[in-house]
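First the structure, in the form of structure tokens, and then the observations on it.
Rule-based calculations on the coordinates, nothing more; no lab input. Everything quoted here is computed from the prediction, not taken from an experiment. Please note: Cβ atoms are built from the backbone with ideal geometry, for glycine as well, and neighbour counts cover all protein chains shown.
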Amino acid sequence: MGCKTVYQMIKSKNLDTFYEINPAAGNVPTEEKERYELLDDRVFLTEFLRFENEQEQHAVFTIPSIHCSACIWILEQINQFDSAIQSTTVLFSKKTIRIVYNHHKTSLRKIAELLAKLGYPPHLNVSKEKKTEPNRKLLLQIGIAGFAFGNAMFLSIATYFDSQEYWIIQFRPWFDLLMLIMSLPVLFFSAQNYFISAWRGIKSKIFSLDIPIAIGIGVLFLKSCVATFDPLQLSYFDSFTGLVFFLLIGKFMQEKTYSNFSYDRDYKSFFPIGVTKIFADKTRKKVPIATLEAGDQIALKVNELLPVDGVLSSQKTKLDYSFVTGEFEPIKTTKGKLVYAGGKIIEDNCTVTVLKRIQESNLVQLWSQNSFKSNDQKQLQSITDRLSRFFTPFILLFALGAGSIWAFLDLSKVLDVITAVLIVACPCALALSAPFISGNMMRYFDRLSFYIRTPQTLENLTKINHIVFDKTGTLTDPKRHSITYEGEKLNPEELKSLRSIFHQSNHPMSMALFNYLTNIPYETFIKCSHHAGKGLSATLDSKKYTLGSAAFVKGIRSLDPKTSEVHIAIDNRYRGCFNIQQFYLPKLKIFFKKLDGFKVSILSGDASSERSFLESCVSKNTKLLFNQNPFQKIDYVKTLQAQGQSVLMIGDGLNDAGALQQSNLGISVMQKEHDFTPACDAILKGAIMNQLPLLIIYAKKSMRLIRISFVLSLFYNLIGLTIAALGLLQPMIAAILMPLSSISVVLFSYGATHLLYRRLKNRMKS
């Protein structure tokens, strides 16, 4: 239907001639319509303005759904739909559009709504991307090592040709002494971290990869110092400074990879772009969270996130701080108590008086602590550390063994062989494999609207063997319902109260019923109690309303209903129920067929009205459980884990929060761009839910790439170690070959992951 609407708009303006030029072009609009009312706020509007005068404004939008030349064609012709738009320019590489328009005749909000109607909704999250400050010390270390390396190469180049010219023989001792002086800051400053890390590893009895690196650097420097005062030996200061220089370059590349993960750990990326503010005249309006000041009063509904620290103004509420603490333990809070940014409202809509701006909240201070930011890096390093337990002792024993053999064959080559072995075995390539491949794949999955929280999550996704699905909002389409009402006729005031109550909840059924009563006026904020897994209750105009399941409203269990039901009681008198026929995701049977390699369970808080349909879509071994409350879902996951199964839980709402956290890996299905679900390991856009089997397959392929990269690195080390042990590899050559292995790993990681991403993207389109 959306494509038909867009086509009719394009056809009405005679803009469909592009498809005669390129009939294969096109874009399928899949994004939901954003809440563009914030663009009426002057403060929020300025985030998108680039120029303004009395007649016109220039604004820039990011449009992620720009896909091909057809997109550019239609976007640069949108002035045909709004004559106040003077010109548009699309920058395809950055997926942005620059719009020049007369702000007296139209508004940026209307333009945004027009773009959304055409299937190109602008991205309105204006929270600035977290920029990682450059490591100035590392850059200085690289600069000093690079300066020393370049000059050492220049001063020692004549010795490469074994020249016997008089001036070289006379000045060589001075050249060596000059190189020694330049090498001292390289040893004591540029290379200091390797020695410190190696010493800490030895003290902790941990065989880190920095131990063979530090030994190689130290041996090479000492050998060069001896050669400086012995005319019969050649110094290797060029090799020493070059080794440190290339090692630091590799470290810089590794830090750049780690910094790329910051987009997932920035707390602002989970915040909504706006919040409902209560003004002095009691009116309510959604405003950008950046504009909140101390003393402002805001209104929050269940499932919304508290973006600032404040004091609870309403009577009571219940919050989930698992995003901050990691523990799903709901906390009851009463009027006058402090509440903190990062808490999610899970019971009773509430009002909060702001204490601090978002920049000053305790959550921001918590996030700035190193212990809170370094978890993901520890996860990354653990992959390499497992290998280092065996790699480091092997290299040390191999170097000592090769040196011992050469002590009998040719004593003069012992130090050369040991040095060459330790240099060529430098584990930079091994250390780079995991972060580069994991980092690239996480960014690529992010482009496809599959947001993975940590590299460890990516690894864990490949280990699951049992998938548990919540039904409502996960396997069903929240935008498609067929609703009927059975019971006593409700008067206009009662319908108004019902719609006001439905407006307080983000549950898919509540939202469906709110939209069903579309022409009924409603109150935007009322006092309403939320009963997880049961329903809603509120008192309006001296009448008590109870809405929800038959057991909650009538005290009985509905027997084999044909649809999902929301029953209604007013003043403890039963009035009737809404029957909601839910529509499932298209091609559901094919979807489950692709999951044949996994055990599957489906849990639902609804009645068993659709059991027969689901049974026709899934295999005979699939477990179907209905009328499940949140605690029963948690217990079911625990039961599977007790049987030794690795469980992936997929859900979308508050009822699934506990099960998402209890499972080995939890994926939250996000229907709206700014939904917030802290108790999960990954977030999946609802529009690509049917692509889940394909995403799991390619997650496994990405982990396979890491193993292949490890094998390539070990193969390089094996070849290099063999040549070095035979005494055929000079330290200088080893110092050159070592960084080449790191570069090859980086090129392999980028090329392989990019190829994997392109294949996945093409398969998702087909």
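Observations, loosely collected:
- Between GLN645 and SER93, the modelled label-to-label distance comes to 5.0 nm, taking each label 7 Å out from Cα in the direction of the beta carbon.
- Fewest-first ranking of SER668, SER404, using other Cβ atoms within 10 Å as the exposure measure: SER404, SER668
- What the phi angles of region 211-228 give under the Karplus curve with 6.51, -1.76 and 1.60, with θ = phi - 60°, is a coupling list of 5, x, 5, 4, 5, x, 5, x, 4, 5, 5, 5, 4, 5, 4, 4, 5, 4 Hz, glycine and proline written as x.
- When SER612, SER235, SER646 are arranged by Cβ crowding within 10 Å, least crowded first, meaning fewest neighbours, the order is SER612, SER646, SER235.
- Förster radius 30 Å - calculated FRET efficiency between ARG758 and LYS534 (Cβ-Cβ, nearest 0.05): 0.05
- Least to most buried among LEU624, LEU248 (fewest other Cβ within 10 Å first): LEU624, LEU248
- Lys pairs, region 476-584 - Cα-Cα below 13 angstrom, 8 or more residues apart or on other chains: 4
- Between the amide H of GLY342 and those of LEU306, VAL308, distances stay under 5 Å, these residues lying 5 or more places away or on another chain, with hydrogens modeled in the peptide plane.
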